[in-house]
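Every read-out reported here was derived from the displayed coordinates using simple, explicitly stated rules and does not represent laboratory data. In this text the structure is predicted, and so the values were computed from the model without any measurement. Glycine gets a Cβ as well: all are built from the backbone with ideal geometry, and neighbour counts include every protein chain shown.
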Amino acid sequence: MLKTENISLVFNYGTQDENTALKNISLTINTGDFVTVIGSNGAGKTSLYNIIAGTYKPTSGQIFLKEKDITRMPEYKRARYIGRIYQNPLSGTAGKMSVEDNMVICHRKGYKGLGISLNNTLRAYFRERLAELDMGLENRLQDNVELLSGGQRQALTLLMAVLSEPDILLLDEHTAALDPRNAEIVMNLTRRFAERYGLTVMMITHNMSQAIEYGNRLLMMDSGEIIFDINEEEKKKLSIDEIVKRFRTLKKKELVNDELLLNL
């Protein structure tokens with residue numbers, strides 16, 4: 001459903017400040033996949049998201065969504081098909097606008113032509129969907145979003161992303177800025193929405209327990225490359241210690257290979 005072929009991203013190409021963020025990434029995300037993505041800071045996780053979302057254009061390689069080449073499609077056009085939620089709960093909503101006005105904007109993404117009028121039928125639909133969050137927001141349609149807590153705003157952002165019916169949803173550490181209670185609430189909503197609506201999801205997380213518990217697939221990135229791609233059956237048998245052990249073993253092999261090359 002989403003496919004990258006030999007994607008590389010190089011900043012300041014051909015200068016002394018040249019920096020390779022992604023190295024020949026070839027990846028296929030199937031419809032309905034829930035992929036957790038882990039890796040240390042600078043591993044290339046966010047760069048990969050930026051390439052998929054269209055924030056950056058690849059230095060080389062191609063990107064396909066539903067077999068359509070979107071490599072050169074601008075970010076604003078991809079936003080119709082690709083949803084993204086950031087770490088900061090304030091990033092996904094307009095604080096000075098009401099809850100219902102925020103929801104109207106995201107709801108319009110699914111329609112072409114004439115705009116959507118906010119009427120009683122649509123309000124009833126919004127209330128019904130907001131009730132799924134179990135946060136009482138169905139009774140706060142006219143409240144400005146800036147009055148909501150961080151957890152409420154992130155839950156609303158998640159619901160709005162689902163309402164826009166994206167082909168793929170990119171979650172960029174979307175619970176990292178929340179307190180443990182709200183992080184758990186948003187994660188439970190994430191799993192429930194993914195299962196109920198058959199969402200295709202990629203989720204960056206630094207929480208190893210979340211990476212193992214959620215989704216049917218796990219990717220580990222390091223130095224701009226995907227070093228592990230673990231399927232559902234193998235993932236069920238994983239522990240945090242096992243992931244760390246695999247990573248350390250791989251890094252040791254790289255060091256040995258580097259030493260061999262130096263001695264050639």
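Fully extending the segment from Lys23 to Ala131 would add 34.5 nm, taking 0.36 nm per residue of separation and subtracting the current Cα-Cα distance. Which shape class applies to region 49-91: rounded if a/c is under 1.5, otherwise prolate when a/b exceeds b/c and oblate if not, where a ≥ b ≥ c are the square roots of the Cα gyration tensor eigenvalues? Taking the square roots of the gyration eigenvalues as a ≥ b ≥ c, region 49-91 is prolate. Here's the picture: a label point sits 7 Å out from the Cα of Asn120 along the beta-carbon direction, and within region 68-109 the residues with their amide nitrogen under 20 Å of it are 100-101, 104.
Taking the helices alone, the chain has a mean residue ellipticity at 222 nm of -11500 deg cm²/dmol, built from -39,500 (n - 2.57) per DSSP H run of at least 4 residues and averaged over all its residues. By its C-alpha gyration tensor, with a ≥ b ≥ c as the square roots of the eigenvalues, how is region 103-199 shaped: rounded for a/c under 1.5, else prolate for a/b larger than b/c, else oblate? Judged from the Cα gyration tensor, region 103-199 comes out oblate (a/c at least 1.5, b/c at or above a/b). Each of [x] 63, 49, 31; [y] 57, 34, 32; [z] 75, 39, 32 is a candidate for Cα extents along the principal axes in Å; the one calculated from this structure is [z].
Across the chain, the relative contact order, built from alpha-carbon pairs under 8 Å that are at least six residues apart, equals 26 percent. Summing charges over neighbours of Leu156, with a neighbour being any other residue whose Cβ is under 14 Å away from its Cβ, gives -3 when K and R count +1 and D and E count -1. In the structure displayed, which of Lys66/Lys236; Lys45/Lys237; Lys45/Lys66 lie more than 27 Å apart, Cα to Cα? The pairs that break the limit, which is 27 Å between Cα atoms, are Lys66/Lys236. In percent, rounded to a whole number, the relative contact order of region 80-229 is 29, using alpha-carbon pairs under 8 Å and six or more apart.
Contact order for region 1-92, expressed relative to its length and based on alpha carbon pairs under 8 Å spaced 6+ residues apart, stands at 31 percent. Extension gain, Glu233-Arg72: 0.36 nm per intervening residue step, less the Cα-Cα distance, totals 54.4 nm.
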